[in-house]
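This report refers to the structure that appears directly beneath it.
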Amino acid sequence: MPASAVLDHAVEVTGLVKRYGGRAVVDGLDLVARPGAVTAVLGPNGAGKTTTIECCEGLRKPDGGAVRVLGLDPHEHAAQLRPRVGVMLQDGGLPTGVPAAQMLEHVARMYARPRSLDELTERLGLASFARTTVRRLSGGQRQRLALAAAVVGRPQVAFLDEPSAGMDPQSRHAVWELVRELRDEGVAVVLTTHLMDEAEDLADHVAVVDGGRVIAQGSVRELVSSSEDRTLRLDVAAGFDVAAATTALARPGTAPLVVTEVAPGSYTVVGAVEPTTVAALTAWLAERDVLVTRLTVGRRTLEDVFLDLTGRTLR
Amino acid sequence: MTTNHAGAASPRARVLAQTTFEARAILRNGEQLLVTVVVPVLALVGLVSVDALDVDTRGMSRIDFFTPGILALAVMTSSFTSQAIASAFDRRNGVLRLLSTTPLGRGGLLAGKVLGVLVVELVQVLVIGLTAFALGWRPSAVGVALSFVAVLLGTAAFTSLALLVAGTLRAEAVLAVANLALLLLAFAGGVIVPADRLPGALQHLAVLLPSGALGEAMRGAFQVGALPAWSVVVLVGWTAALGWGAARLFRWH
């Protein structure tokens, strides 16, 4: 396939716009995904992640912009793309009245040379519920079955919409292993998630989406080390005044440290955290008779970056 | 790109797989089986054997009089009620979207659904036909041949209606509408009771409905040995209108 051999981007989204009832849910979104890489689309609920993925899958028609999957238009060339693209929907989309194994066999029949069902069953631990009706499966079991259905056709591009939602740690581990293997086989994996650890552990490339646009993207390393900042995390028993702490930690001639309440009793201090900062902070708390129950200093995590970018207020 | 995708199975293999899947799903489901097979058989046995029902059968035996209408009812249960409900819930649960992203595609999905209904109808006709046969029904070869045409025309119209309803209303609403419509059409729509026996204006209305047209077509096939042209026109008209509507209005999400 000379066309795909030279293809640099398995997925290329340019200026995508999608409106529902006049309101733009996706508003000028750009995204690329490479073969042999995991691209995570990370964002809060309602950011436009699923709509973007559905435009790539050919399930929704963009109102503006361009989508190319393996160099083809998902609508115009749907028939050519279907055998080459694997899809795991957020709401599963599995027929509910049939046993799990039969459901997977059915999807496999749509392909000429599907993956070995025995191997997939083994890899994703499907055997224990093979004869259980899909309706009766737990959330994690359904997700594993849906992933099996998405990859049974050996896709070149796999779109996984929140693949770890509702999973126990064991299921999640099995899913992550399979995703890594797909990547190593050269598959372009595009997944949406709002789980930071998933993006951090799994993704080669992260696109942070909010309000229907990509507001930051790059490798996890690029995103978290965009500054020399460190994060001090602090849990205290009671009585911590953010404004007073900010003032207490201020040092003339240096950039102010940002003190934030993550949750009552739990705080972060972000910026140029030095050994003297820790000493000053604990001394200041001791003066006020506030007990520190936990204190760690580390690099910024993807979660810090994410919350900085998308805000901390609930919406 | 280093991966070799699995390639699509042939269109025939895909549609065949979907047909089998759809037919098995209906025949495995207890409620669906009740509506599509058990209810028509009970209705037939009841209408034929309960003497308290005083019906003018125009000189025919009761079994000859009622069997065509019961077969028409059976066609409606599988092509309309059962199909509408199954498709509506599949739509809500994302099944239609997921399957349409596999090599099956939307066209293959639709073809599989229609063929799945025809398989179920074959089972229905066999069970009802054999029951009727046991009760003394002896249809002519011409009648049987013509009834296949009537069943195909009726299936086309009612599947279009099922998809129109399933693709536009909420699943719970479809559940209510599909069952209610079946009940109303069965008794007042010229299916079991011939249109000309209905009270007042219903007589004229029923023959214009797809239910009445299918009922008359089945009775024409078995009782007269000819399909009434008017019924064929009505069924084709409904198929065109409902099919057009379904194609335009069906929402996959």
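Within the range A:115-144, residues that are over 12 Å from A:M103 (Cβ atoms) and away from chain B (no Cβ under 14 Å) sit with their Cβ atoms under 8 Å from residues that are assigned to a helix (DSSP H, G or I) and open to solvent by 80 Å² or more (accessible area, probe 1.4 Å), at 6+ positions apart or across chains, in these pairs: A:G125/A:Q170.
Taking the residues in the range B:90-113 that are open to solvent by 50 Å² or more (accessible area, probe 1.4 Å) and touching a helix residue (DSSP H, G or I) at 6+ places or on another chain (Cβ under 6 Å) as candidates, determine which candidate is nearest to A:G153 (Cα to Cα). Working first, answer last.
Going residue by residue through the range B:90-113, those that are open to solvent by 50 Å² or more (accessible area, probe 1.4 Å) are B:92, B:106-107, B:110.
Add one more test, that the residue is touching a helix residue (DSSP H, G or I) at 6+ places or on another chain (Cβ under 6 Å), and what stays is B:92, B:106.
Values: B:R92: 25, B:R106: 18 Å.
Filtering the range B:90-113 for residues that are open to solvent by 50 Å² or more (accessible area, probe 1.4 Å) and touching a helix residue (DSSP H, G or I) at 6+ places or on another chain (Cβ under 6 Å), the one nearest to A:G153 (Cα to Cα) comes out as B:R106.
Consider the range B:173-200 and keep the residues that are surrounded by 22 or more Cβ atoms within 10 Å (Cβ to Cβ) and among the small types (G, A, S). The one that is nearest to B:S82 (Cα to Cα) is B:A178. Filtering the range A:291-306 to residues that are among the hydroxyl-bearing types (S, T, Y), within 16 Å of A:T260 (Cβ to Cβ) and at pLDDT 80 or above leaves only A:T296. Scan the range A:222-244 and tell me whether some residue there is free of Cβ contacts under 8 Å to residues at least 12 places away in the same chain and of a type in the set (K, R). The answer is no; no qualifying residue exists.
Yes or no, residue by residue, for (1) farther than 18 Å from A:A47 by Cα; (2) open to solvent by less than 10 Å² (accessible area, probe 1.4 Å); (3) more than 11 Å from chain B (Cβ to nearest Cβ):
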{"residue": "A:V152", "(1), (2), (3)": "yes, yes, no"}
{"residue": "A:D168", "(1), (2), (3)": "yes, no, yes"}
{"residue": "A:A174", "(1), (2), (3)": "yes, no, yes"}
{"residue": "A:L191", "(1), (2), (3)": "no, yes, yes"}
{"residue": "A:L195", "(1), (2), (3)": "no, no, yes"}
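Note on the range B:201-253: residues that are in contact (Cβ under 8 Å) with a residue 40 or more places away in the chain, exposed (fewer than 14 other Cβ atoms within 10 Å of the Cβ) and hydrophobic (A, V, I, L, M, F, W, C) amount to 3. Applying the condition of being of a type in the set (V, I, T) and within 10 Å of chain A (Cβ to nearest Cβ) to the range B:16-62 and asking which residue is surrounded by the most Cβ atoms within 10 Å (Cβ to Cβ) yields B:I26.
Run down B:L146, B:L169, B:L175 and say which single residue is more than 24 Å from B:V125 (Cα to Cα), touching a residue at least 60 places away in the same chain (Cβ under 8 Å) and in a helix (DSSP H, G or I). It would help to see each step written out before you state the result.
Working: B:L146 fails: more than 24 Å from B:V125 (Cα to Cα); B:L169 fails: in a helix (DSSP H, G or I).
After ruling out the rest, the residue left standing is B:L175.
Candidates in the range A:13-65 are the residues that are polar (S, T, N, Q) and open to solvent by 60 Å² or more (accessible area, probe 1.4 Å); of these, the one that is nearest to the other protein chains (Cβ to nearest Cβ) is A:N45.
Among the candidates A:L307, A:L285, A:L281, which residue alone is closer than 26 Å to A:I53 by Cα and either small (G, A, S) or part of a helix (DSSP H, G or I) (or both)? Show your work before the answer.
Values: A:L285 fails: closer than 26 Å to A:I53 by Cα; A:L281 fails: closer than 26 Å to A:I53 by Cα.
Matching residue, one of A:L307, A:L285, A:L281: A:L307.
Here's a check for you: in the range A:197-253, which residue that is of a type in the set (D, E, K, R), assigned to a strand (DSSP E or B) and farther than 27 Å from A:V175 by Cβ is least open to solvent (accessible area, probe 1.4 Å)? The qualifying residue least open to solvent (accessible area, probe 1.4 Å) is A:D235.
Remark: B:A145 falls outside the filter, which requires a residue to be within 30 Å of A:L81 (Cα to Cα) and either in contact with a Phe, Trp or Tyr (Cβ under 6 Å, 6 or more places away or on another chain) or surrounded by fewer than 21 Cβ atoms within 10 Å (Cβ to Cβ) (or both). Counting only helices (runs of 4 or more DSSP H) that sit completely within the range B:1-82, those holding 2 or more residues that are among the small types (G, A, S) and out of contact with any Phe, Trp or Tyr (no Cβ under 9 Å at 6 or more places or on another chain) correspond to B:11-28, B:39-49, B:62-76.
Considering only the range B:125-142, I want to know if a residue exists there that is surrounded by fewer than 20 Cβ atoms within 10 Å (Cβ to Cβ) and at positive phi. Yes. For the range A:66-82, which residues satisfy the criterion of being in a strand (DSSP E or B) and within 14 Å of another protein chain (Cβ to nearest Cβ)? Of everything in the range A:66-82, those that are in a strand (DSSP E or B) and within 14 Å of another protein chain (Cβ to nearest Cβ) turn out to be A:V69, A:L72. The set of residues in the range A:116-132 that are more than 26 Å from the chain's Cα centre (by Cα) and either modelled with pLDDT under 95 or open to solvent by 10 Å² or more (accessible area, probe 1.4 Å) (or both) comprises A:S116, A:L117, A:D118, A:E119, A:A127, A:S128, A:A130, A:R131, A:T132. If you check B:R219, B:R248 for being under 23 Å from B:G46 (Cα atoms) and assigned to a helix (DSSP H, G or I), only one passes: B:R219. For the range A:84-100, taking the residues that are over 12 Å from A:V151 (Cα atoms) and out of contact with any Leu (no Cβ under 7 Å at 6 or more places or on another chain), the one that is farthest from the other protein chains (Cβ to nearest Cβ) is identified as A:P99.
The values are calculated or read from the model by the stated rules, or taken from the named source; none is laboratory data. Predicted model only: the values in this text are computed from it and were never measured. No Cβ is skipped: glycine too gets one built from the backbone with ideal geometry, and neighbour counts run over all protein chains shown. All accessible areas refer to the heavy atoms of the entire protein, side chains included, with ligands and DNA or RNA removed. Shrake-Rupley method; radii C 1.70, N 1.55, O 1.52, S 1.80 Å.
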